[in-house]
Each structure stands twice: as structure tokens, then as C-alpha cells.
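Notes for the one structure printed next.
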Amino acid sequence: MNSIVMSSASTVESATRQPWQRLEQESSKALAAFVVFRDLGPARTYEKVSRMLQKSEPLIARWGKRHNWHHRAADWDEFNDQEMQRELRSRRVRARKRALDIADELDQKLADAVHMLKVGKIVKVEGQPDESELTISPTELARLFEVSQNIQHRILGKDEDEEIYEFHLHFNAPDPAYEHEQPEAVLAARKKAREEQRD
């Protein structure tokens, strides 16, 4: 009964043993030489192991062929490559999570700043109703809109059927300081309106 249990345990151990681990018939000296060969990487050769361990190259070659060093070393390389890829994927996930956390904080700070942003002011004129007036130019306002759209597109992406619309804003009380930013048609209309008022 005990011999059957021991045999079963040995079979399980053999089945779960990795190729780069010690084989059943592999001596400790042969295993030590294989570890040196394995850890040399893709440029590994029997000659290098022989020189490093100060053992004859025919002996190293004999151990290598008997215990299938090249295939076991290749399995070791593949295992390490998979482990590296797994670690890189894990690091990318962690890096993206950190970036998202930072983006969330920046987004909240940006939202707070937008709430504090004032683009208009109340102008009081004696004897007349209060009027609202922009504190930024139409170009700056359009730039804010463009930035807002770019942020949304970067986060949400653009729809394939999305169209680009051109629009013009008309302000009832134009600021002469921004005349140079207006389309020629708008400037012509304003000039004509002023001339009609003088007449």
C-alpha cells in the first residue's frame, strides 16, 4: 500500500515539474552546469559553460545532449518572456489607473475653476436698464468652446457621422476693441447701421 502511495506521489511530482527544474536522472553537478547554460540566455553555448566551470567541453556536451538542455532552456526563455509580458500588462494597468485617478482630480479642479469663471458682467448706465456685457472677446469665447469640444472628443471619441458646423455669434452691443476679429460682412453691416443712424 505504501509503495503505491509513494509511486503515485512521484508520478504527480514528475507531471508538475517544470522542464528547467532537476530531472529524475540528472546529477547535481549536471544540474548546476545546466543552470549556468540556462542563465546565459540566447547566446548560450557548451563552450561558454565549459570555460566558466573549467570543465571539459565534451563532458558539458554529453550532459547537454543527455538531459536535453537546449529544449529545456528554450522553455525557460518562453516562461520568462510570458512572466515579463504579464508584469508589463500589470504595470500598464496600474499606470492607467494612476493616470485616471489623476485625471479625475484634475477634472474636479477644472470643474471648480469653470464654476468660478466669469465671462460676463453687469454694466450700469444711469437712467437706463442694466445691461450684460462680455468680459472676453468672441474669439476667446469660441476658443473655450473648442477646448470643451476637444476634451469631450478625446474622452468619448467622435461619432463617425459627426458633422462640423460653422456658426456666427451676433452680439447686440459689440465692443470696438474686437472689430478686427469680426467677419467682413458683419463689419460692413455695422458700418451701414452707423451711417443710417447719423442720417
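The values are calculated or read from the model by the stated rules, or taken from the named source; none is laboratory data. Everything numeric in this text was worked out from a predicted model, so none of it was measured. Backbone-built Cβ (ideal geometry, glycine too); neighbour counts: all protein chains shown.
Annotations for the structure displayed:
- Selection count, the range 98-122, where residues are at pLDDT below 70 and β-branched (V, I, T): 2
- Scanning the range 40-60 for residues that are surrounded by 12 or more Cβ atoms within 10 Å (Cβ to Cβ) and either farther than 17 Å from W20 by Cα or not hydrophobic (A, V, I, L, M, F, W, C) (or both) turns up R44, T45, Y46, K48, S50, R51, M52, L53, K55, E57, L59.
- Index of the failed condition, N150 passing every other in (1) at pLDDT 75 or above; (2) in contact with a helix residue (DSSP H, G or I) (Cβ under 8 Å, 6 or more places away or on another chain); (3) not assigned by TED's automatic domain parsing to the domain that holds R22: (2)
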